[in-house]
Amino acid sequence: MQDYELYYWGLPFRGNFIQLFLEEVRADYRKLDASEVYPDKNLNIQYPGMAPPYLYDCRAQVWFAQMPAILMHLAKAYHFLPDEPVQHTLALKVVLDCNDILMEITNYNGTVMWDEDSWTEFRTHRLADWMAIFEKTGQAHRLKPEAGYLLGSRLTVADIATAALFGTLVHSFPELASDLEHSAPCVASLCQRVEGRPSISPFLEKQRRELGKAYCGGRIEQSLRDVIR
Ligand SMILES: N[C@@H](CCC(=O)N[C@@H](CS)C(=O)NCC(=O)O)C(=O)O
């Protein structure tokens, strides 16, 4: 029996936050398709969530939904939280910021499709501000262009989440690489360092070979592709 089962679609979007972490710690896990649980069996699990990702902790025999909760569960188990208690809260704040950005970039899970004007407004203001928020957090912890981590002296869950967010975004939409470079240059290179880690890069190479530039899927990804250029 492996230690974890991760249920997500064949897409990076929210799943990669969990999967990059599991790869980094070389966890013994199985990735299964979200359709094994969602939507039909969703209410049958112990602590149902509204939507994927789901993590089943096989040893504890507990189901978790909600990406930030899953990531914090793993971070505690593998000592991937910063050492200072105040920084624990900051790590959670970073993961929640990431999840807010996922929600915003998909226009609230595809509730409304992007058009040129709404996308330009979002890209120029809120997305740029979000990037600057990460850069400022890193600078407060001595993140430099060629070295350092978002919350201090060692790799934590906040770095994995940051790379899963912005690394995936600029891979899937290379047009946004210059936005990240402009608003958050140290974060841009942090993402490259995390993605290049020996534990993570073989996974990403294989995933990107198989999935290409796929991001969140569905009509909302198409709408993003139509407006990003
Ligand atoms: N707040 C949840 C959001 C989960 C979520 O929206 N999942 C998306 C895929 S990334 C989905 O399948 N949505 C379909 C739905 O909400 O029914 C989390 O962070 O895990």
inquiry  = Which of rounded, prolate or oblate describes the range 124-229 when judged by the alpha-carbon gyration tensor and an a/c cut-off of 1.5?
reply    = oblate
query = How far, in nm, would the chain grow between ARG208 and TYR108 when pulled straight, counting 0.36 nm per residue and subtracting the alpha carbon separation?
reply = 33.5 nm
ask   = What ³J(HN,Hα) values, in whole Hz, does the Karplus curve 6.51 cos²θ - 1.76 cosθ + 1.60 give for the range 109-114 when θ = phi - 60°, with x put for Gly and Pro?
value = 6, x, 4, 10, 7, 5
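If each DSSP helix of 4+ residues adds -39,500 (n - 2.57) and the sum is divided by the residues in the chain, what number results at 222 nm, nearest 500 deg cm²/dmol?
After summing the helix terms and dividing by the residues of the chain, the value is -14500 deg cm²/dmol.
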ask   = Between ASN44, GLY10, LEU74, whose Cα lies farthest towards the positive end of the dipole of the range 4-77 when Lys and Arg beta carbons carry +1 and Asp and Glu beta carbons carry -1, centred on the Cα centre?
value = LEU74
Under 20 Å between alpha carbons - lysine pairs in the chain that sit 8 or more apart or on different chains = 6
note = Full extension between LEU32 and ALA51 adds, at 0.36 nm per residue less the Cα distance, a length in nm of 5.4 nm
key: Length added when fully stretched, HIS125-ARG142, from 0.36 nm per residue minus Cα-Cα   = 3.6 nm
query = For the chain, what log10 I(q)/I(0) values come out of the Debye formula at q = 0.08, 0.09, 0.15 1/Å, with one point per alpha carbon and no solvent?
reply = -0.28, -0.35, -1.02
ask   = Which residue, LEU96, LEU151, LEU22, tops the fluctuation ranking in a GNM of the chain built on C-alpha contacts under 10 Å?
value = LEU96
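Ratio of alpha-carbon Rg to the 2.2 N^0.38 Å globular estimate for the range 95-146, to two decimals, please.
1.34
Every number in this text was worked out from the coordinates using simple rules, so none of it is lab data. Model, not experiment: these values are computed from the prediction. So basically every Cβ, Gly included, is an ideal-geometry build from the backbone, and we count neighbours across all protein chains shown.
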